[in-house]
Amino acid sequence: MSDQPDSTVNVPYVPKTLGVKVGILLAVAAMVGASLVGYVLYARGVFDDFQRLTLIADNADGVSPGMDLTFAGFPIGRVRRLSLSDDGKARIHVRVPVTDARWLRTTTIFTLEVPLVGGAKLRAHTNPAHLQDPMLPDRAERPVLRGDVNTEIPQMVARLREVLDNVDQMTESGSSLQESLNNVRTVTSRMAGKQGMLGAALGSEENAKKLLQAIDRANTLMASLNGVSVRLDGVLAKTDQRLYGAGGIADETQKAIVQANAILGGVSASLKKVDAILADAQAVASNAKVATTDLAALRAEVEASVRKVGALIDEINRKWPFERDTKIKLP
Amino acid sequence: MAFGGEIILRPRSWRRLLQFGGYATVAALSPSSYGLAARALAVRQIYLTAWKVLPAYLAFSALLSMVIIEIVHSRARAYGLDAYALELVLRVLILEVIPLLTALFLALRSGAAIGAEIALMRVSGALEDHEEAGASPLHAELVPRIAAAALSVFSLTTLSIALALYLTYALFYGTSVSGFVAFTRVVGNVFDLQIFVGFLLKCALFGFAVAIIPLATGLEAERGAMHTVPNAVLAGLMKLFLVIGLIEILSLVVKYV
């Protein structure tokens, strides 16, 4: 065994193809290695031109070098380093390749969002309408708006606790909500009882019963009142018949008045004749002979008229029963 | 019979290792070390260590890469952390797993063989014979092996990283080139200056450890004492694993703690 090392040391025979193979291997490895280094440098942006931008935040929590600055979801720049300024503000130094710097305008707004899970996000927002604004100059300094879920959570929890306290007060025994619910329960249980809604509205079943009885009585009363009014109707109809029907009081009175009119017309004519006769009598004063013959006829006519008037008065008195004095005063 | 563990714990052993490492590095970096015989030895060593295993190793690392990429990708998607999957894959696979795996593979593949070879030469007195003949055993026997091991580590690491990088892109974006810009951005984010320099340094240290430690520990075998050979080889491998582990831990600590 001891001679084996000697052979390896003294006979370093290497076939030519072996040397070529090893040469190829080393050359390829060297090329690949150089390419990898070149690729990494390219990825690092060593061969790009950059524009510098400094973002100023109150707090750079969650920001780290190498982080992307995104625009519309596309990374356009990278955080190079962080520093603290003299006034206590965090300065985030960003490098943006010149080719991507056109998205950054003087009106661009920068935000730093820190979500609950995952790294912080640095974003640039440029209103598409403002893409004609002047470009952001090199080494510009811009404030960054910060939206941090982690700092909002304690506020949210505090508010939630207030809400829960309120709910607690509302639901604890003796609270107004609890009492209201108890009342609702009483009402609904009454509604479910024998007298239903009435029981709920009147407070107890007895009251409901009384109300029902009162309604029954009112119904009976209404029925009897109905009978009374029917009878009253009949009475009124009869009265009507007596007063205004054929042969009724009114009818007879009308007839009597017509007759009275006729009689009075007769009296008037008779009196005109008397007037004429008296005028004749005056003329006849000298002619006594003619006068005495006409006077007998005149007396007969006057007496007939007086009889007619007396009959008329009697007739009226008979039909109009209120005047009992049957005396007639003659002129 | 001393066990490898005992050799590891000897401070003298580490001191000698560092000393030898210093000499060997200087010698390996000086062009005069590479005579015709030394070059031939180095080429043979590289052929055995890197070329012969290259297809199998690339296949193995591709398989492992695909499994890791797929697991990270699908899990990240399931947890809604899709945006971080690529960065995670690059950090885990390219920065850590592939260099570590390559270093361990070469430690097993060549470290044990070189350690045993040197220990046997030591036992047989071949190295001392060289010295007596006026030739420096460091230059004639050791430097070519060291250079070959370091170059092998470099070749395999570079090629397997390139393959893993391509597989990552292919599994994330398919064969289209549309994802190149986004992919490049993430690569740029992962490899910032410190990480990149640290990564190159770590790979160099892995190569250095794989090349020197088995060889230096092989020298601890005693002349004529055959029974010391297994101990020396075992101690070399254990030291190598320990150093590779320490380098990895140190790089992780520097990066993330």
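Every number in this text was worked out from the coordinates using simple rules, so none of it is lab data. Remember, it's a predicted structure, so these values are computed and weren't measured experimentally. No Cβ is skipped: glycine too gets one built from the backbone with ideal geometry, and neighbour counts run over all protein chains shown.
Subtracting the Cα-Cα distance of A:Asp61 and A:Lys308 from their residue separation scaled by 0.36 nm leaves 75.1 nm. Among the residues of A:56-66, the average count of other protein chain beta-carbon atoms within 10 Å of the residue beta-carbon is 1.
Where the alpha-carbon atoms of segment B:81-126 are placed on the principal axes, they occupy 61, 10, 8 Å, in descending order. When the listed pairs B:Lys202/B:Lys239; A:Lys121/B:Lys255; A:Lys21/B:Lys239; A:Lys16/B:Lys202; B:Lys52/B:Lys255 are checked against a 28 Å cut-off, the alpha-carbon distance exceeds it for A:Lys21/B:Lys239; A:Lys16/B:Lys202; B:Lys52/B:Lys255. Shape class of segment A:50-153 from the alpha-carbon gyration tensor: prolate, with a/c at 1.5 or above and a/b greater than b/c. Extending 7 Å from the Cα toward the beta-carbon at both B:Leu18 and A:His125 defines two label points whose distance is 6.0 nm. Here A:Glu172 and B:Arg77 are evaluated by their C-beta separation; at R0 = 51 Å the FRET efficiency comes out at 0.60. Taking a point 7 Å out from the Cα of A:Ser85 in the direction of its Cβ, the residues of segment A:142-167 whose backbone N falls within less than 11 Å of it are A:142-144.
With a cut-off of 20 Å on the backbone N, the residues of segment A:89-127 near the modelled label site 7 Å out from B:Val181 along Cα-Cβ are A:95-105, A:122-127. Once the Cβ-Cβ distance of A:Val267 and A:Asp233 is raised to the sixth power relative to R0 = 51 Å, the FRET efficiency obtained is 0.65.
Ellipticity at 222 nm from helices only: DSSP H runs of n ≥ 4 in the protein assembly as shown, each -39500 (n - 2.57), divided by the residue count, give -22500 deg cm²/dmol.
A simple spin-label model places the labels of A:Lys16 and A:Ala223 14.0 nm from each other, with each point 7 Å out along Cα-to-Cβ. Using the Cα coordinates of segment B:4-256, the gyration tensor eigenvalues translate into equivalent-ellipsoid semi-axes of 39, 18, 15 Å, sorted from longest to shortest. Spin-label model, B:Ala62/A:Ile109: points 7 Å from Cα along the beta carbon direction are separated by 5.2 nm.
Shown is the FRET efficiency for A:Ile257 and A:Asp280, computed with R0 = 45 Å from the Cβ-Cβ distance and rounded to the nearest 0.05: 0.85. Exposure proxy ranking for A:Asp216, A:Asp148, based on other Cβ atoms within 10 angstrom of each Cβ and starting from the fewest, stands as A:Asp216, A:Asp148. Ranked by how many other Cβ atoms sit within 10 Å of their own Cβ, fewest first, the residues B:Glu117, A:Glu315 fall in the order A:Glu315, B:Glu117.
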